[in-house]
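Have a look at the structure below before the remarks.
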Ligand SMILES: [Zn+2]
């Protein structure tokens with residue numbers, strides 16, 4: 001399981017220690033929490049609620065709910081996952097009030113068909129137009145190219161909401177697949193299909209941008 | 001023998017460790033003989049790893065200030 005993201009700034013602080021500091025009214029700890037998570041809560045809220053302004057309000061609500069719930073944090077999951085749970089709850093109750101449901105609450109995958117264009121394969125299912133080399137094929141090298149990050153952010157923002165939410169939680173935030181399923185209330189196969197389609201589109205976008213002519 | 005097209009449909013199952021062993025062996029056997037699919041899987045891994053490195057922005061100052069005020073107000077509440 002990957003747990004990247006929050007270890008860098010937490011240093012030796014465990015989630016429990018951080019929560020204890022927050023409960024002791026440690027403003028510096030709170031500012032660090034906000035600096036680390038505000039953007040990430042917003043990034044997850046965007047696919048959940050549909051508009052930027054509603055997403056911002058939902059994140060505001062979430063912070064208040066986090067403070068009110070802090071004393072009850074038991075450390076059964078990471079603080080990050082716990083905060084995402086609260087965000088999901090806020091988004092759900094808001095959606096319920098407005099008489100709609102979250103994009104993935106009741107869904108089979110909306111898209112069907114193969115992830116790669118059938119024209120790329122021969123009749124026997126072998127590559128006719130194989131994936132083109134990118135010149136750079138390590139994430140480090142791609143990160144150094146700011147355009148790759150821009151490209152990924154752009155395509156991620158255009159994914160259907162349910163794919164975007166799954167990719168954000170699983171790959172951007174690095175949550176375990178079971179945590180993602182539980183948060184979004186998806187079956188294992190739905191979650192996998194959404195992840196698969198989202199990832200495939202992102203890979204293809206990078207290929208279009210960086211693939212070398214053969 | 002899996003086809004390349006099947007590999008592109010199964011890659012997430014493979015990378016997520018959600019394959020039963022027969023299927024996994026079939027997948028490996030295909031990769032062993034197919035450089036195109038090896039590249040495909042490698043590009044998927046790079047895509048995923050790059051997603052994990054997307055930049056984050058600190059909140060705008062007024063937002064941070066407003067939240068800090070919420071925290072102060074919350075701190076005043078009796079426990
Ligand atoms: Zn192949």
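Values in this text are rule-based calculations from the coordinates and carry no lab data. All values derive from a computational prediction rather than experimental measurement. Here the Cβ positions follow ideal geometry from the backbone for every residue, glycine too, while neighbour counts run over all protein chains shown.
Data table
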{"read-out": "Only one of B:38, B:24 that is more than 9 Å from chain A (Cβ to nearest Cβ) and either within 13 Å of the ligand (Cβ to nearest atom) or not in a helix (DSSP H, G or I) (or both)", "value": "B:38"}
{"read-out": "Yes/no for residue A:177 being within 16 Å of the ligand (Cβ to nearest atom) and either loosely packed, with under 13 Cβ neighbours inside 10 Å or facing chain B (nearest Cβ under 9 Å) (or both)", "value": "no"}
{"read-out": "Residue in segment B:53-61 that is farther than 25 Å from residue A:146 by Cβ and more than 7 Å from every other protein chain (Cβ to nearest Cβ) present", "value": "no"}
{"read-out": "Test: residue in segment A:136-143 that is over 29 Å from residue B:63 (Cβ atoms) and within 16 Å of the ligand (Cβ to nearest atom)", "value": "no"}
{"read-out": "Count of segment B:17-35 residues which are closer than 25 Å to residue A:133 by Cβ and surrounded by 15 or more Cβ atoms within 10 Å (Cβ to Cβ)", "value": "4"}
{"read-out": "Matching residues, segment B:1-13, being part of a helix (DSSP H, G or I) and either over 21 Å from residue A:118 (Cβ atoms) or within 10 Å of the ligand (Cβ to nearest atom) (or both)", "value": "B:4, B:5, B:6, B:7, B:8"}
{"read-out": "Residue list for segment A:146-166, filter: surrounded by 16 or more Cβ atoms within 10 Å (Cβ to Cβ) and more than 7 Å from every other protein chain (Cβ to nearest Cβ)", "value": "A:151, A:155, A:156, A:159, A:160, A:161, A:162, A:163, A:164, A:165, A:166"}
